[in-house]
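> This is the structure I want to talk about, given as structure tokens.
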Amino acid sequence: AQRVTQPEKLLSVFKGAPVELKCNYSYSGSPELFWYVQYSRQRLQLLLRHISRESIKGFTADLNKGETSFHLKKPFAQEEDSAMYYCALSETNAGKSTFGDGTTLTVKP
Amino acid sequence: DTGVSQNPRHKITKRGQNVTFRCDPISEHNRLYWYRQTLGQGPEFLTYFQNEAQLEKSRLLSDRFSAERPKGSFSTLEIQRTEQGDSAMYLCASSLVVLTGETQYFGPGTRLLVL
């Protein structure tokens, strides 16, 4: 069965500090991993996906199949990064996504 | 087209009543998903359609839940004989499947409260 674990419910950092949001998964096949973000009073939106290997808003995430992790990182956090972040997994083009329970990131001034 | 829309945005009902939610996906998107989200948890998959065909339903989905996408465009999710445990945010998402994969675009959700 697919499972996504985000061990931190809450994460607080100061502006300019590095931030890492952890995500671990369990899946027997070859997964596709995503990070979604939900800003206050906005809808859930895709932040990045591992196959794109791109940096969005300064965030990057590397899929580590050996450790079954897909941690989200940003070297210098900004106040506007404060939001709820969800890690998700799906089979490639196979439909449903399995989400973690989210991490609330607060970036303090 | 301003994205995925859902109606109503909020619904309060009494236990035992039936409710129906509507989702209008982004035009030309061939897949449509329904998720349920309760407080403190991530979205939980309920079911999805490719065009008008319902391809998968969660094993956790009660028989009281039914979804349709009759013309491959908008979709409805009906909950019969609602229970207090059905109180949640119901999210709809749509996507266009291409060779490189798919990106799900979410609607604002319908918040259901069963009294």
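> Of the residues in region B:85-109, how many are more than 10 Å from chain A (Cβ to nearest Cβ) and either among the hydroxyl-bearing types (S, T, Y) or not in a strand (DSSP E or B) (or both)?
Of the residues in that region, 6 qualify.
> Mind listing just one residue for me: the one in region A:62-101 that is farther than 30 Å from B:E56 by Cα and basic (K, R) and, of those, nearest to the chain's Cα centre (by Cα)?
Out of the qualifying residues, it is A:K73.
> The conditions are (1) in contact with a strand residue (DSSP E or B) (Cβ under 7 Å, 6 or more places away or on another chain); (2) assigned to a loop (DSSP other than H, G, I, E, B), and B:R81 fails exactly one of them. Which is it?
(1)
> Can you give me the number of residues within region B:50-104 that are in contact with a Pro (Cβ under 9 Å, 6 or more places away or on another chain) and in contact (Cβ under 8 Å) with a residue 40 or more places away in the chain?
Result for region B:50-104: 10.
> For region A:1-19, how many residues are under 15 Å from the mean Cα position of the chain (by Cα), in a strand (DSSP E or B) and surrounded by 15 or more Cβ atoms within 10 Å (Cβ to Cβ)?
Residues in region A:1-19 being under 15 Å from the mean Cα position of the chain (by Cα), in a strand (DSSP E or B) and surrounded by 15 or more Cβ atoms within 10 Å (Cβ to Cβ): 3 in total.
> Return only the number of the condition from (1) at pLDDT 95 or above; (2) exposed (fewer than 14 other Cβ atoms within 10 Å of the Cβ); (3) of a type in the set (V, I, T) that B:T2 does not satisfy.
Every listed condition holds for B:T2 apart from (1).
> Which one of these does B:C23 not meet: (1) assigned to a loop (DSSP other than H, G, I, E, B); (2) within 14 Å of another protein chain (Cβ to nearest Cβ)?
Only one criterion is unmet by B:C23, namely (1).
> Read through the list (1) under 16 Å from A:E20 (Cα atoms); (2) of a type outside the set (F, W, Y); (3) touching a residue at least 40 places away in the same chain (Cβ under 8 Å), then give the number of the only condition that A:N64 fails.
(3)
> Next up: Suppose we filter B:S62, B:S66, B:S75 for residues that are among the hydroxyl-bearing types (S, T, Y), more than 10 Å from chain A (Cβ to nearest Cβ) and surrounded by fewer than 16 Cβ atoms within 10 Å (Cβ to Cβ); which single one remains?
B:S62
The values are calculated or read from the model by the stated rules, or taken from the named source; none is laboratory data. Predicted, not measured: the structure shown is a model, and the values here were computed from it. Note that each Cβ is placed from the backbone with ideal geometry, even for glycine, and that neighbours are counted across all protein chains shown.
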